[in-house]
Amino acid sequence: MGHSKNEPFESGIVSTGDTRLRFSAKLYLVAMLLATFDVEALLLFAWAISLCESGWPGFIEAPVFIMLLLIGLFYLARTP
């Protein structure tokens, strides 16, 4: 009773090995990069919908925003 209570139940399969896996920092960097660019795509979609209301200042801000994103992307791609 004591030994079986200390083991996790994995669908009837006895677990082997260590549960702590080490992932490289690059994996987390790529995950954060993907999440960031997903949010930025949503912002650009909202900008495209409100283009008529924002006028020329909104039209000029979008390419500046895209250029900042590209600069960040090139910086991340360049770092080892």
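What do you reckon, is PHE65 at pLDDT 85 or above and closer than 30 Å to LYS26 by Cα? Steps first, answer last, please.
On the way: at pLDDT 85 or above: yes; closer than 30 Å to LYS26 by Cα: yes.
Here the answer is yes, as PHE65 does meet what is asked.
Can you name every residue in the range 1-49 that is among the polar types (S, T, N, Q), surrounded by 10 or more Cβ atoms within 10 Å (Cβ to Cβ) and either at pLDDT 80 or above or under 30 Å from LEU69 (Cβ atoms) (or both)? Don't jump to the end; show me each part of the working.
As a first pass, look at the range 1-49 and keep what is among the polar types (S, T, N, Q): 4, 6, 11, 15-16, 19, 24, 36.
Still in the list and also surrounded by 10 or more Cβ atoms within 10 Å (Cβ to Cβ): 15, 36.
The answer is THR36, and nothing else.
The values are calculated or read from the model by the stated rules, or taken from the named source; none is laboratory data. Everything numeric in this text was worked out from a predicted model, so none of it was measured. Counting neighbours? That spans all protein chains shown, and the Cβs are built from the backbone with ideal geometry, glycine included.
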